1. Which of (1) part of a helix (DSSP H, G or I); (2) modelled with pLDDT of 95 or more does Lys140 not meet, given it meets every other one?
2. With respect to Gln120, is the statement that it is at pLDDT 95 or above, within 25 Å of Leu136 (Cβ to Cβ) and of a type outside the set (A, V, I, L, M) true?
3. Within segment 75-104, track down each residue that is in a helix (DSSP H, G or I) and either touching a helix residue (DSSP H, G or I) at 6+ places or on another chain (Cβ under 8 Å) or in contact (Cβ under 8 Å) with a residue 24 or more places away in the chain (or both).
4. When Ile72 is evaluated against the numbered criteria (1) of a type in the set (Val, Ile, Thr); (2) outside any helix (DSSP H, G or I); (3) within 25 Å of Arg31 (Cα to Cα), which criterion, by number, is the only one it fails?
5. Among the numbered conditions (1) modelled with pLDDT of 95 or more; (2) within 19 Å of Phe131 (Cα to Cα); (3) in contact with a helix residue (DSSP H, G or I) (Cβ under 8 Å, 6 or more places away or on another chain), tell me where Met35 comes up short.
6. Just to verify a result, which residue in segment 63-82, among those that are closer than 17 Å to Arg98 by Cβ and hydroxyl-bearing (Ser, Thr, Tyr), is modelled with the lowest pLDDT?
7. Tell me which residues, restricted to segment 37-58, are surrounded by 15 or more Cβ atoms within 10 Å (Cβ to Cβ), over 13 Å from Thr105 (Cα atoms) and either touching a residue at least 40 places away in the same chain (Cβ under 8 Å) or among the hydroxyl-bearing types (Ser, Thr, Tyr) (or both).
Amino acid sequence: MKFKITLSIILGVFISLSSLAQGPQHGGNERLRAMKVGMITQDINLTESQAEKFWPVYNNFEDERSQIFRKIRQLSRKDETLTNEDLVKRQDQIMALRQQELDLTKSYKESFLKVISIQQYAKLMDTERRFNQMLLEKLKERKGRN
């Protein structure tokens, strides 16, 4: 129990420092990132030695994936001035970016499996899915209240 508390504190400090180093534009995401780190840490039961190796790999993965998602969001913005041809091109670009995200996930699988077991990896994928689902539900609740 003491190990999990210590690990959570260390990870919290690490995440806080890394998000501060990235600049103020990422400050709003700090709380969500801390929640995700806590959920992953708890669900996949990282040992101390695994955590030291896992988080740098995971953070690189997340940074690369975030860049892809940012591009998708930019392309998904409404623009009434686009022609049908432009819309088709835009959708093709979005599909190519989604393929990049899938390829990225596949390429990082080996890196993760050098640090964690296949069971932990499966739990990681499930935890990410559940975390994203939880966020979507919270957003729906928020929209329903407004």
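1. Every condition holds for Lys140 apart from (2).
2. yes
3. Of everything in segment 75-104, those that are in a helix (DSSP H, G or I) and either touching a helix residue (DSSP H, G or I) at 6+ places or on another chain (Cβ under 8 Å) or in contact (Cβ under 8 Å) with a residue 24 or more places away in the chain (or both) turn out to be Leu75, Ser76, Arg90, Gln93, Ile94, Leu97, Arg98, Gln100, Glu101, Leu104.
4. (2)
5. All conditions are met except number (1).
6. Here the residue is Ser76.
7. Met39, Ile40, Thr41, Asp43, Ile44, Leu46, Gln50, Ala51, Lys53, Phe54, Trp55
One line per residue, one yes/no per condition, for (1) polar (S, T, N, Q); (2) farther than 17 Å from Tyr121 by Cβ; (3) out of contact with any Pro (no Cβ under 7 Å at 6 or more places or on another chain):
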| residue | (1), (2), (3) |
| --- | --- |
| Ile44 | no, no, yes |
| Asn59 | yes, no, yes |
| Arg65 | no, no, yes |
| Lys78 | no, yes, yes |
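The values are calculated or read from the model by the stated rules, or taken from the named source; none is laboratory data. This structure is a prediction, so every number in the text was calculated from the model and none was measured. Note that each Cβ is placed from the backbone with ideal geometry, even for glycine, and that neighbours are counted across all protein chains shown.
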